[in-house]
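Contents: one structure, followed by commentary.
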Amino acid sequence: MRKSAGNRNIVSLIPMRVKTDSTSTGSAHGAVPKRTSGGGRQPLTSNNMNNPPPAAKRKSSSSSYGPTASSTGPRQSTYGTAKATGSKAAWGTSSGGRGMGPPASKMRRSSGLGIGRGYNQQHAMKDPRPISDKSYKDRTIRDLVAFLQELNYPHPITAKKLLVPLTNDFFRIFEFMYGFLSPNFKLSKKPEEDVPRIFQLLGYPFAISKSNMFSIGTPHMWPTLLAALKWLMEIVQYAINLDVESTLFPQIEFEEIPESRVVFSYVEEAYEQFLAGEDSFDQLEQDLEKQLKLNCQGGKTNLDSLTAENSRLSKELEQLENEGVSRISGQSLASTMRV
């Protein structure tokens, strides 16, 4: 109890207010009871359990965060955010007794790299090809039928059949064509999920969804899927006509065998022997060293061709020099006779 400010002789029954200081450890430990939340901090002294809380609460004069703060409540954090306990986190109600912001899961930024699931649906591009044009569809069907017949498609196929195809016909054509990119490929029992996923993996730039697979032969959906098959056909044609050896291991002048091909052959053979149980690759290493030395020297074949070319050029030079000497001698003789 304290005396009234108006009359020093009158005793006031109002409890005295405790002056708090944000820098004082007394209000943090002496006045705060032990928290029972899962992530709360433990008291630093054992005497805190015996100290009762103040009789009245008052607004903190030192806190600059949040509308109100009690001397007995958890302190507000001046920086950072804490992980939420699972429910909607209010100010100062995180599991660690800290934090004012939203849960960390809500503040997590999404990656800006790559194309995730649902990208085609969110950023669908409009196909610039005239896929609904009748002449374009007829030309595409003719090219597709010719391509399938050339590659010995095992099922009957005609242009009339592709005007309004059945669902099974579409899946068979897709399975056959993709088999050239992935040997022994077979559709699963859910082809309506396989086809859109594979088109996305191949980088097809237009949206094809699972729901499209349930209306393949309809007038509004077939032009879109026919254009997708044409795109896949062009990919397969490129793969068939691609010279893999020269693309992966381009020939370099004065190299009998490209160095990248030499190293690849060594790694390939060594791995096969390793799978067979071998742990020593002395012979392969000797062959690798020998071939790399030949490449550094220009290779025996290239060396012979260079020697022959050098001999030919030497003879040609000698012949030109002789012709030049003869021509000069003849001009000198002619000028002497004129004199």
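The values are calculated or read from the model by the stated rules, or taken from the named source; none is laboratory data. What you are looking at is a predicted structure, and each value in this text was computed from that prediction instead of being measured. FYI the Cβ positions are ideal-geometry reconstructions off the backbone, even for glycines, and counts take in every protein chain you see. These accessible areas exclude ligands, DNA and RNA; they are computed on the full protein's heavy atoms, side chains included. Shrake-Rupley method; radii C 1.70, N 1.55, O 1.52, S 1.80 Å.
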>> Tell me which helices (runs of 4 or more DSSP H) are completely within the range 127-209 and hold 2 or more residues being small (G, A, S), or say none if there are none.
In response: 134-150
> How do the pairs read when you match residues in the range 179-190 that are closer than 14 Å to M233 by Cα with residues anywhere that are in a loop (DSSP other than H, G, I, E, B) and open to solvent by less than 60 Å² (accessible area, probe 1.4 Å), using Cβ under 8 Å and keeping only pairs 6 or more apart or on different chains?
Replying inline: G179/F185; F180/L151
> Would the range 256-266 turn up any residue that is of a type outside the set (K, R), open to solvent by less than 30 Å² (accessible area, probe 1.4 Å) and within 30 Å of S135 (Cα to Cα)?
Replying inline: no
>> Any residue that is over 24 Å from D143 (Cα atoms), loosely packed, with under 15 Cβ neighbours inside 10 Å and free of Cβ contacts under 8 Å to residues at least 24 places away in the same chain - is there at least one of those in the range 227-237?
In response: no
> What single numbered condition from (1) in a loop (DSSP other than H, G, I, E, B); (2) under 30 Å from D127 (Cβ atoms) fails to hold for Q237?
Replying inline: (1)
> In the range 179-202, is there at least one residue being among the aromatic types (F, W, Y), more than 30 Å from N295 (Cβ to Cβ) and loosely packed, with under 11 Cβ neighbours inside 10 Å?
Replying inline: no
> Taking the stated definitions as given, is Q251 open to solvent by 100 Å² or more (accessible area, probe 1.4 Å) and at pLDDT below 85?
Replying inline: yes
